[in-house]
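The values are calculated or read from the model by the stated rules, or taken from the named source; none is laboratory data. Not measured: the values here are computed from a predicted model. A quick note on method: Cβ atoms are made from the backbone with ideal geometry, for glycine too, and the neighbour counts reach across all protein chains shown. Ligands, DNA and RNA are excluded from the accessible area calculation, which covers all protein heavy atoms including side chains. Shrake-Rupley method; radii C 1.70, N 1.55, O 1.52, S 1.80 Å.
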Amino acid sequence: MVQSKKFPWSIFVIALFSMAVASAASGQTVKSNIDGMGGWASCSVCAGTGGAGSSAPHSTTMVRSPAMYGYSRKFHLGGSTRYSNALWWKQLGANNSKTHFVYDVYFYLRTPSYSQALEFDVNQSNGHRKFIFGTECNIKDGHVWDVYDPRGGSWRSTGIHCAMPSAYRWHHIHWELYRTAYMVHYISFTLDGAKHYVNRSYYAKASGAKEINIAFQMDGDKYQHDYDTWLDKVSLKYW
């Protein structure tokens, strides 16, 4: 595990990211309303530890309500095997030259107490390495935000508190991320208007694939309650 130092390296990294944002307008790719796109893929077994979890019924569909405007995408996780999960992802096409990512999502729950954790990810593979930007609100195992260490294959606590999301309310998460040739860097996230600096860096893992995708995962708790999550205005900006 490799981490950026708290100071002054963290300030330097933030400044570099800010300068990159300011100078990247002409080279940006923006994918908006990803929740409304077709072709979402999913699995439950692959969402478990080591990619070998239990099978759980899960689904996704477009719905009119709740929605911020028009339609939102509803995700459902069920089953009877405790701690079962489901992962959904949407491929956006490969682009090996992109190194900076801003992932923006609105999410809504009616029964947040049924969720073990919620995961919001960006993945890029460039034919040599897989850069996994895994982020997770670990609701029932510490109430903390975790980020993923790709080469180590483990979640790492950021020490930043993640309270159980309020029910019947749209929440807004905005992640700022970038990579180098070998490492992923978690810069910061803003949740419901409050910004938190993460400043964590980890090595990517080897991969021959070429892709960019966003992903969303729902984790079941020890009772494996059925529950739903709605996503709206999902976007990814990269340059």
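Of note:
- With the helix formula -39500 (n - 2.57) applied to DSSP H stretches of n ≥ 4, the chain reaches a computed 222 nm mean residue ellipticity of -2000 deg cm²/dmol.
- Local electrostatic count at S235 - Lys and Arg +1, Asp and Glu -1, tallied over other residues with Cβ under 11 Å: 0
- Between Q28 and K210, residue separation times 0.36 nm minus the direct Cα-Cα distance comes to 63.6 nm.
- Computed over region 129-218, relative contact order equals 27 percent, with contacts defined as Cα pairs under 8 Å that lie 6+ residues apart.
- In the chain, Cα pairs under 8 Å separated by at least six residues give a relative contact order of 31 percent.
- Taking 7 Å steps out from each Cα toward its Cβ at K140 and Q91 produces label points 3.4 nm apart.
- Region 161-239-region 79-97 distance, computed between alpha-carbon centres (Å): 12 Å
- Nearby aspartates and glutamates by direct alpha-carbon distance to K90 (threshold 15 angstrom, same-chain neighbours under 8 apart not counted): D35, D104, E119, D121, E211, D232
- Out-of-range pairs (alpha-carbon distance over 28 Å; input K31/K140; K98/K222; K31/K74; K205/K233): K31/K140; K98/K222; K205/K233
- Counting 0.36 nm for each residue step from S65 to T180 and taking away their Cα separation leaves a gain of 37.4 nm.
- Crossing angle, helix 9-23 versus the chain [Cα axis fit, 0-90 degrees, rounded to tens]: 90 degrees
- By a 1.4 Å probe calculation restricted to protein chains, D149 has an accessible surface near 10 Å², given to the nearest 10.
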